[in-house]
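A short worksheet on the structure shown next.
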Amino acid sequence: MTSLPSTERIGSYVKRAEQALNTAKNAALKPAGVTVAQYAALLFLDENPGISAAALARLCGVTPPTMNTVLTNLQDRGLIERTPHAWHKNILETRLTEDGAAVMKDADARAVRVERAVAAGFTDAERATLQELLTRCADLYSVRPETATAPKK
């Protein structure tokens, strides 16, 4: 027997929600021809033209090597372009191409439908509370174990 039953592990509920989200978004994005990871990159590139791969990886919550794979695939499809930064020659600025912007627009409309369908299941107050709780959860998971305090009884 473990010291914490699975029904009391917040992480398992977070993971279940994340997996359900990824499944729904993968299905919705398939006709647009992109994966969830590729869509996330396109979304953040649309909002942050010229961003570096490292900064994009942080926004998408993936490692830099993973982001480089995503970007290589998008570049091979002509959806993004990468050019040397004007001052920092070792940094590549990444931008959507015209085709990339079109794919992003299609994919985003599909992803927004998924988000709105889930949001419709909650009241405005519940959505605000959920966002607050998930933000707190992410912040708490970011705390290193050696600095965490013991649970209060």
Among trypsin sites (Lys or Arg not before Pro) in segment 81-123, those in a DSSP loop whose Cβ has at most 10 other Cβ atoms within 10 Å are 89
Spelling it out for residue 93: with amide H atoms placed in the peptide plane at 1.01 Å from N, the residues 5 or more places away or on another chain with amide H under 5 Å from its amide H are 83, 85
Per the helix-only model, the chain has a calculated mean residue ellipticity at 222 nm (DSSP H runs of ≥4, -39500 (n - 2.57) each, divided over all residues, rounded to the nearest 500) of -20000 deg cm²/dmol
Listed by chain and number, the residues whose amide H is under 5 Å from that of residue 80, excluding neighbours fewer than 5 places away on the same chain and using placed H, are 75, 97
Count of lysine pairs, the chain, Cα-Cα under 26 Å, sep. 8 or more residues or interchain, comes to 6
Taking a crude spin-label model, label points 7 Å out from Cα along the C-beta direction, the residue 58 to residue 9 distance in nm is 3.1
Of all stretches in the chain that avoid chymotrypsin sites (Phe, Trp or Tyr not before Pro) placed in a DSSP loop and having at most 16 other Cβ atoms within 10 Å, the longest is 1-86
The size of the Cβ-based charge dipole (Lys, Arg +1; Asp, Glu -1) of the chain about the Cα centre, to the nearest 20 debye, is 480
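Read-outs throughout are calculated quantities, based only on the coordinates presented, and are distinct from any laboratory measurement. Because the structure is a prediction, the values reported are computed rather than measured. Here the Cβ is made from the backbone with ideal geometry for all residues, glycine too, and neighbour counts use every protein chain on show.
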